[in-house]
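Engineer: Questions regarding the structure given below will be posed in turn.
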Amino acid sequence: MAGTALAPGKVRVKKTSAMRGHRSRLALVNAVPVTVFLLVLFVYPIIGVLSLSLKGDSGGFTLHWYADALSGVNLSVLLSTLRISAETAVLSLLVGFVLAHAIARMRPVFAALAMLIVVVPHFISALVRTYGWIIMLGEHGLINSLATSVHAPGAPYSLLYNETGVVIGTTSVMLPYTVLVLQGVMRGVDGRLLAAAAGFGASRLTIFRRIYLPLVAPGIGTAGLLSFILCLGYYITPALMGGDKQTVVAALIDQQVMKQDQWNSAAAFGVILLLLTFAGLGVLGLAKLRRTKAHARRSSS
């Protein structure tokens, strides 16, 4: 024979390889705009902020701005921001867990309506919602008026321009995120596991502690970390409800840029917040890796 015909199997293999190569090249071409977008709008600004935080007044390398950010009044503001973020995350989890659990047990129609009630206020301007809280929590607002009318001890309460007011305001902002994450995880819990445990005589507390809580624990960690990270750099609500007496890092950065023209110090604070965010994501990643390894060990044993 003048030529050798290829077997049908080899032809299929060559066609498959060609298709895979074409798809790989197409994927690389599609990834170029996304890569350029991230480099221009994410990586480049971060590099600029980092270099600005390491530049001294004379233009040379220095760590002065980081030392200044981690000492004195600036350190107390940073610690206060971390505390407020942690308090907001815990309070959002407590309230969000109850709401998400109740919504997860509803019928789909009522659950969708409840989620609409939770999420829709989030689309209202944060400025409008913050002023609404200021009106409600003021000395003559709804909360203090009700407390005074029932002769509550200590009424009227000081709920504005302090840490209490800031935590209330930031919790209201972070609550929809928490409910969305937790409700999605709770919907995925197999009710047959809970019914089986109840059938074997386990109490409701035991079912909740030994079965339900471990199943929704990843969602709790994700929701708490999300609230914490978002609260770290939140500006509008702490600035309006905290006033001059309760400054957070975002408000301090605003003061340094707009009033003091201290761009280097503000950049150092920005890098510190970014590192804290990466640290939180790292903790979440390590926790997920531990759960994966533990699940793999249980499956293999």
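The values are calculated or read from the model by the stated rules, or taken from the named source; none is laboratory data. Treat the numbers as computed from the prediction; the structure is a model and nothing was measured. No Cβ is skipped: glycine too gets one built from the backbone with ideal geometry, and neighbour counts run over all protein chains shown. Remember, those area values only see protein heavy atoms, side chains included, never the ligands or the DNA or RNA. Shrake-Rupley method; radii C 1.70, N 1.55, O 1.52, S 1.80 Å.
Engineer: Might you report the magnitude of the Cβ-based charge dipole of the chain about its Cα centre, with Lys and Arg at +1 and Asp and Glu at -1, to the nearest 20 debye?
Structural biologist: Values: 25 positive and 9 negative charges, 520 e Å.
So the dipole magnitude of the chain works out to roughly 2500 debye.
Engineer: Here's another thing I want to ask about it. Could you do me a favour and compute the accessible area per residue for the chain, 1.4 Å probe, result in Å²? Spell out each step's value before the answer.
Structural biologist: Working: 19040 Å² over 301 residues.
Result: 63 Å² of accessible area for each residue.
Engineer: Rounded to the nearest 0.05, what FRET efficiency do VAL150 and ALA102 have when you use their Cβ-Cβ distance and R0 = 25 Å?
Structural biologist: Numbers: r = 27 Å, r/R0 = 1.08.
For VAL150 and ALA102, the calculated efficiency is 0.40.
Engineer: For segment 74-141, which trypsin sites (Lys or Arg not before Pro) pass both filters: DSSP loop (anything but H, G, I, E, B) and at most 16 other C-beta atoms within 10 Å? Provide the component values of the computation, followed by the final result.
Structural biologist: Numbers: sites: ARG83, ARG105, ARG129; in loops: ARG105.
Counting only loop positions with at most 16 other Cβ atoms within 10 Å, the trypsin sites (Lys or Arg not before Pro) in segment 74-141 are ARG105.
Engineer: Nearest 10 degrees, 0 to 90: what angle lies between the long axis of helix 8-38 and the longest principal axis of the chain (Cα atoms)?
Structural biologist: Here the helix axis deviates by roughly 20 degrees.
Engineer: Using a 10 angstrom cutoff on alpha carbons, build the Gaussian network for the chain and name the most mobile of VAL185, VAL120, VAL173.
Structural biologist: Largest GNM mean-square fluctuation: VAL120.
Engineer: Right, next: For TYR235 and SER203, what is the calculated FRET efficiency with R₀ set at 41 Å and r taken between the beta-carbons, to the nearest 0.05? Provide the component values of the computation, followed by the final result.
Structural biologist: Values: r = 46 Å, r/R0 = 1.13.
Efficiency, from the Cβ-Cβ distance: 0.30.
Engineer: How long is the gain from LEU41 to ALA86 if the chain were fully straight, where each residue apart is worth 0.36 nm and the alpha carbon distance is subtracted? Intermediate results must be reported in sequence, preceding the final value.
Structural biologist: On the way: separation 45, 0.36 × 45 = 16.20 nm, distance 2.93 nm.
Answer, rounded to one decimal: 13.3 nm.
Engineer: For the chain, set up a Gaussian network in which alpha carbons nearer than 10 Å are linked by springs, and say which option among ASP68, ASP190, ASP244 fluctuates the most.
Structural biologist: Residue with maximal mean-square fluctuation among ASP68, ASP190, ASP244: ASP190.
Engineer: Could I ask something else about it? Tell me, what ³J(HN,Hα) does each residue in segment 50-63 have, in order and in whole Hz, if you take phi through Karplus 6.51 cos²θ - 1.76 cosθ + 1.60 with θ = phi - 60° and put x for Gly and Pro?
Structural biologist: Taking θ as phi minus 60°, the curve returns 4, 5, 5, 6, 9, 9, x, 4, 8, x, x, 6, 7, 10 Hz for segment 50-63.
Engineer: What percentage of the solvent-accessible surface of the chain, computed with a 1.4 Å probe over protein heavy atoms, is contributed by carbon and sulfur atoms? Walk me through the intermediate numbers first.
Structural biologist: Numbers: 13350 of 19040 Å².
Roughly 70 percent of what the probe reaches on the chain is carbon or sulfur.
Engineer: Moving on to the next point. Using the 2.2 N^0.38 Å rule of thumb for compact globular proteins, work out how segment 80-249 stacks up: its C-alpha Rg over that value, please. Kindly include the intermediate steps, with their values, before the conclusion.
Structural biologist: Numbers: Rg = 18.5 Å, N = 170, 2.2 N^0.38 = 15.5 Å.
Normalised by 2.2 N^0.38 Å, the Cα Rg of segment 80-249 equals 1.20.
Engineer: Sum -39500 (n - 2.57) across every DSSP H segment of at least 4 residues in the chain, then divide by the residue count to get the 222 nm mean residue ellipticity, nearest 500.
Structural biologist: Numbers: 14 runs with 225 residues, N = 301.
For the chain, the value works out to -25000 deg cm²/dmol.
Engineer: Between TYR157 and ALA111, what is the spin-label point distance in nm, taking each point 7 Å from the Cα along the Cα→C-beta axis?
Structural biologist: 3.3 nm
Engineer: So, by mean Cβ neighbours within 10 angstrom, what's the order for 54-62, 73-81 with the highest one leading? Provide the component values of the computation, followed by the final result.
Structural biologist: Values: 54-62: 11.0, 73-81: 16.2.
Going by the mean number of other Cβ atoms within 10 Å, highest first, we get 73-81, 54-62.
Engineer: Determine, from the Cβ-Cβ distance of THR292 and ALA195 and an R0 of 25 Å, the FRET efficiency 1/(1 + (r/R0)^6), rounded to the nearest 0.05. Each step should come with its number before you reach the end.
Structural biologist: Values: r = 27 Å, r/R0 = 1.09.
After rounding, the FRET efficiency stands at 0.35.
Engineer: While we're looking at this one, here's another question. For segment 80-249, what's the relative contact order in percent, using C-alpha pairs closer than 8 Å and at least 6 residues apart? Kindly include the intermediate steps, with their values, before the conclusion.
Structural biologist: Numbers: 184 pairs, mean separation 64.9, N = 170.
Relative contact order, segment 80-249: 38 percent.
Engineer: While we're on this one: Computed over the Cα atoms, what is the radius of gyration of segment 161-277 divided by 2.2 N^0.38 Å, N being its residue count? Can you show the working numbers first?
Structural biologist: Numbers: Rg = 20.4 Å, N = 117, 2.2 N^0.38 = 13.4 Å.
Normalised Cα radius of gyration, segment 161-277: 1.52.
Engineer: Please give the contour-minus-distance gain from GLN260 to LYS245: 0.36 nm per residue of separation, less the Cα-Cα distance, rounded to one decimal in nm. Walk me through the numbers on the way to the answer.
Structural biologist: On the way: separation 15, 0.36 × 15 = 5.40 nm, distance 1.86 nm.
Separation in residues times 0.36 nm, less the Cα-Cα distance, equals 3.5 nm.
Engineer: On to the next question. Just ALA268, ALA152, ALA279 to compare: in a GNM of the chain, with alpha carbon springs under 10 Å, which one fluctuates most?
Structural biologist: Evaluated over the chain, the most mobile residue of the options is ALA152.
Engineer: Under the rule a/c < 1.5 gives rounded, and otherwise a/b versus b/c splits prolate from oblate, where does segment 23-150 land using the Cα gyration tensor? All intermediate terms of the calculation are to be shown ahead of the outcome.
Structural biologist: Values: a/c = 2.83, a/b = 1.30, b/c = 2.18.
Since a/c reaches 1.5 but b/c is at least a/b, the shape of segment 23-150 is classed as oblate.
Engineer: Would you mind working out the magnitude of the charge dipole of segment 80-249 relative to its Cα centre, with +1 at each Lys and Arg C-beta and -1 at each Asp and Glu C-beta, to the nearest 20 Debye?
Structural biologist: Values: 10 positive and 5 negative charges, 141 e Å.
In total the dipole reaches around 680 debye.
Engineer: Can you give me the angle between helix 263-300 and the longest principal axis of the chain, using Cα atoms only, in degrees from 0 to 90, rounded to the nearest 10?
Structural biologist: Once rounded, the angle reads 50 degrees.
Engineer: Over the chain, what relative contact order in percent results from Cα pairs under 8 Å that are six or more residues apart?
Structural biologist: Working: 264 pairs, mean separation 76.6, N = 301.
It comes to 25 percent, rounded to a whole number.
Engineer: Right, another one. Using square roots of five times the C-alpha gyration tensor eigenvalues, list the equivalent-ellipsoid semi-axes of segment 55-109 in whole Å, biggest first.
Structural biologist: 45, 14, 5
Engineer: In addition: Taking N as the number of residues in the chain, what value does Rg over Cα atoms divided by 2.2 N^0.38 Å take? Spell out each step's value before the answer.
Structural biologist: Numbers: Rg = 26.6 Å, N = 301, 2.2 N^0.38 = 19.2 Å.
The value comes to 1.38.
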